[in-house]
1. Please state which one of Ser144, Ser167 is surrounded by fewer than 19 Cβ atoms within 10 Å (Cβ to Cβ) and in contact with a strand residue (DSSP E or B) (Cβ under 8 Å, 6 or more places away or on another chain).
2. Here is a check on your reading of the model: is Trp91 among the aromatic types (Phe, Trp, Tyr), touching a helix residue (DSSP H, G or I) at 6+ places or on another chain (Cβ under 6 Å) and either at pLDDT 95 or above or part of a loop (DSSP other than H, G, I, E, B) (or both)?
3. If you check Pro60 against the conditions, is it out of contact with any strand residue (DSSP E or B) (no Cβ under 7 Å at 6 or more places or on another chain) and either in a loop (DSSP other than H, G, I, E, B) or not hydroxyl-bearing (Ser, Thr, Tyr) (or both)?
4. When you look at Glu143, is it of a type in the set (Asp, Glu), more than 15 Å from Ile43 (Cα to Cα) and under 19 Å from the mean Cα position of the chain (by Cα), yes or no?
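The values are calculated or read from the model by the stated rules, or taken from the named source; none is laboratory data. None of the values given here were measured: they were computed from a predicted structure. Note that each Cβ is placed from the backbone with ideal geometry, even for glycine, and that neighbours are counted across all protein chains shown.
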Amino acid sequence: MISDELLTRLGKLDSCVVSDALDRLGLKGAVLGIRPLWPCPRIVGRCVTVKIKPAGLEKPKQHLCTPAIAAATPADVIVVDNGGRTDVAAWGGLLSLAAQTKKVRGVIVDGAARDVDESRDLHFPVYGRAAVQVTARGRVMQESYNEEIEFAGVQVHPGDLVIADGSGVVFIPRAKEQEVITQAEALAERETKMADAIRSGRSVVEVMESLGYESMLAAKDK
């Protein structure tokens, strides 16, 4: 179980500095092309994963993502692997309502979602590749939930940490969460010092050179 302390610490960071921390540690976790589908807030949480597949002769026994919502806690974010498809929705308004009722922190879809206006009115954060009006019915179905998925080229496991904001989405492997967050905090502190120096009137050229911006990712802090 991920501690509340780690979630609190991650919530004070942003996706950029967490991505930098992963780079510094030689880890993969930043994904490309995922954005907020309405001007929603930053979300951090523990991943509850869903794998979507094309519908065929097999009839779904449950609507996609509903078992994940039922299993989720207020510390969780639903993470949906629909292979990047933007021609069909893998999330919609009723799912946002159900997830909000469970106090889930948000959803991140490698693909499209619909009913974005409803999600906005609910103040439920939805991140994805696109908005689309096309239903999942008869087109896609759930293959599994709370199992390993591949999200935009990154392996994501149930319980991994995720942060999503206006700059992008970054996953943190559960086994490395403490190390990544500690590194991200150190990098954020250095960037704060640079920002303070620029606000004080120092030349940005001098600040970047004297405080070592270009070498920040060269090696881990001891």
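1. Details: Ser167 fails: in contact with a strand residue (DSSP E or B) (Cβ under 8 Å, 6 or more places away or on another chain).
Of Ser144, Ser167, the one residue that is surrounded by fewer than 19 Cβ atoms within 10 Å (Cβ to Cβ) and in contact with a strand residue (DSSP E or B) (Cβ under 8 Å, 6 or more places away or on another chain) is Ser144.
2. no
3. Values: out of contact with any strand residue (DSSP E or B) (no Cβ under 7 Å at 6 or more places or on another chain): no; either in a loop (DSSP other than H, G, I, E, B) or not hydroxyl-bearing (Ser, Thr, Tyr) (or both): yes.
No.
4. Numbers: of a type in the set (Asp, Glu): yes; more than 15 Å from Ile43 (Cα to Cα): yes; under 19 Å from the mean Cα position of the chain (by Cα): no.
Answer is no for this residue.
Table: residues versus (1) touching a residue at least 12 places away in the same chain (Cβ under 8 Å); (2) crowded, with 23+ Cβ neighbours inside 10 Å.
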{"residue": "Arg9", "(1), (2)": "yes, no"}
{"residue": "Asp14", "(1), (2)": "yes, no"}
{"residue": "Cys40", "(1), (2)": "yes, no"}
{"residue": "Ile52", "(1), (2)": "yes, yes"}
{"residue": "Lys61", "(1), (2)": "no, no"}
{"residue": "Gln100", "(1), (2)": "yes, no"}
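Yes or no, residue by residue, for (1) more than 24 Å from Leu122 (Cα to Cα); (2) not in a helix (DSSP H, G or I):
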residue	(1), (2)
Asp20	yes, no
Arg24	yes, no
Leu27	yes, yes
Ile52	yes, yes
Thr73	no, yes
Val80	no, yes
